[in-house]
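The structure appears below as structure tokens.
The values are calculated or read from the model by the stated rules, or taken from the named source; none is laboratory data. Being a predicted model, the structure only gives us computed values, none of them experimental. So basically every Cβ, Gly included, is an ideal-geometry build from the backbone, and we count neighbours across all protein chains shown. Ligands, DNA and RNA are stripped out before the accessible areas are found, and what is left, the full protein with its side chains, is counted by its heavy atoms. Shrake-Rupley method; radii C 1.70, N 1.55, O 1.52, S 1.80 Å.
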Amino acid sequence: MKIFCVTLFFCFSQSYGWDYKKKLFPSDFRFGVSTSAYQIEGAWDEDGKGESIWDRYVHTHPEVIADGWNGDNATDSYHLYKRDVEMLRELGVDHYRFSISWPRVLPNGHINTINEKGLQYYDNLLDELIKYNIAAMVTMYHFDLPQRLQDLGGWTNPEIIQWFEDYARVLFDRYGHKVKYWITINQPDVCFDAYGGNKMAPAVDLKGTGDYVCVKNMMLAHARAYRLFEKEYKSRSEVNAKLGLSVSINWFDAPDYSTSENEELELYRAFSFGLYLHPIWSESGDFPPSVKKAVAKNSKAEGLSKSRLPELTAEEIKMLKKSADFIGMNHYTTFFVNKTESGVRSGLPYSFPDIEVHVSQSDKWLPSKSAWLKGVPYGLYKSLLYLNRVYNRPPIFITEHGWSTDPGLHDTSRINMMREYSRGLLFSLEDGTDLLGLTVWSLMDNIEWTAGTSERFGLYEVDFDSPEKTRIPRVSAHYYKHMIHSRIVDEDWKLKNLDMSISNRRQKILANKKTEL
Ligand code: PNW
């Protein structure tokens, strides 16, 4: 053997065999897919649903949407949920992450008007999942606030902490026995685009103030829902669920991939995800000291009497500490971060106030259809290493991870990325990471917020022009199905059979499409 080894790498790979067919995902590792209400449901004003901030935003500013498609009809999952569950069965997933539209169940946001038809819709979906033994992972808030609450200031009004707790109670009461994983809020860093910018609804551009107030209120709303769940629901015999918060955790490296740490990098990580992880998972609690210091310094220099980052009281700090059963991790990509010489702040992915750094991505990384999303598989592995080190091996559930393409069924780049990122997961599991599962974004193409349908994230392609919003599996759907069934990352996989349908009623559609796979 040794005679044939030319390089150390070759020797290693030959003698120990990096054979991913031998590395198995553990039997309790969960595979799933993810969606969100606004992005798939449609039926925006049907059966008593109230207006959401996204309905208002796209109706009053249609120009913000890239290609004219918005969530009014989306993929029509309000009517086609049975087909969605059929796709989940085709894939063989363990769990399905979807979100509940707050204004669909509480049209004005408050619990004094309950929309029974809206509640019934989620009951129907949950019952369909239970029928086929698919665990439900339910996000309570994925960007679609009732417009009536926004009229009262939305996430910048501290009353929202109570409104959210009330809403959470309605959901726990109604669905507590049907849900396996609750996610209170998806990506609180949306505050920087929604209340500190105009990329996301309600597009209230209050940079440096509105964003931080929103962050504080979202975190406290999350914690209150957790404490309510812990106190009144968790120990009930019919309830068997864990509760977490989904945080956008991308990777940030120095441009030279240097392993040495520097202050800007660490500060950027603190602004990007430490703001949401530190209060819950650190020993000391509270917002990260580095962020508090940076915002306080700038606020003082601006002549303000207090920091623009609102303080947490001792009681609030206590309530937030350990207020989650796992970290919900949404991971997509990696960025380089370095100090600016000019002091110009970069807009990628978010331009945070109070930190002046240059954020970039390498030309060598594989581009997707989304400007911010490059394929950097090592970044997922490194961010898991980082979370283990900084937060002492917390339980982590990947609640989103995905890739965007053009329309078309031959999504080789998605398959390659799924393979390579998943290899990192296998290594991380060997490191002893407490990794509960992977949830791919997304089950099917959907409304990618202001990008409309121009960035396709689906394992299933959706024909938005067809009245029945036909869903057809991409090659990646077949690959993911194989990964779930075999529990390996297969290097040699080739598509053998086009048909993965449970029934074969879509054979005709596929044949008509003359798909060559
Ligand atoms: C997530 N970034 O957003 C959202 O939770 C989904 O609703 C969305 O459709 C999906 O990812 C794809 O965009 C992100 O810049 C947006 O790194 C931007 C970033 C990450 C996640």
Interchain or long-range residues, amide H under 5 Å from PHE335's placed H: TRP251, PHE252, ASP253
Would you mind working out the accessible area per residue for the chain, using a 1.4 Å probe, and quoting it in Å²? 41
Report the calculated FRET efficiency for LYS117 and SER486 (r = Cβ-Cβ distance, R0 = 45 Å), to the nearest 0.05. 0.60
Residues whose modelled amide H sits under 5 Å from the amide H of VAL440, counting only those 5 or more places away in sequence or on another chain, are GLY32, VAL33, SER34
Output for the stretch 83-129: chymotrypsin sites (Phe, Trp or Tyr not before Pro) sitting in coil per DSSP, at most 16 other Cβ within 10 Å, listed by number, reads none
Hey, which lysines would be in cross-link range of LYS322, C-alpha to C-alpha under 28 Å, not counting anything within fewer than 8 residues on its own chain? LYS178, LYS180, LYS216, LYS231, LYS234, LYS242, LYS292, LYS293, LYS306, LYS382
Close Lys-Lys pairs in the stretch 20-159, where close means Cα under 25 Å and separation is 8 or more or interchain: 5
The size of the Cβ-based charge dipole (Lys, Arg +1; Asp, Glu -1) of the chain about the Cα centre, to the nearest 20 debye, is 1300
On the protein heavy atoms, probe 1.4 angstrom, tell me the percent of accessible surface of the stretch 223-269 carried by carbon and sulfur. 46
For LEU304 and GLU46, calculate 0.36 nm times their separation in residues minus their Cα-Cα distance, and state this gained length in nm to one decimal. 88.2 nm
Beta bridge orientation in the chain: antiparallel %, DSSP, nearest 5: 25
Expressed as a percent, the accessible surface of the stretch 28-182 that is carbon or sulfur, using a 1.4 Å probe and the full set of protein chains, is 46
What FRET efficiency would be calculated for the residue pair ILE130, ASP499, taking the C-beta separation as r and a Förster radius of 25 Å, to the nearest 0.05? 0.40
In whole angstrom, the spacing between the Cα centers of the stretch 369-392 and the stretch 220-234 equals 29
In the stretch 228-316, the GluC sites (Glu not before Pro) that fall in loop regions by DSSP, at most 15 other Cβ within 10 Å: GLU238, GLU261, GLU283, GLU302, GLU311
If you build the Cα gyration tensor of the chain and take the root of 5 times each eigenvalue, what three semi-axes come out, in whole angstrom, biggest first? 33, 31, 23
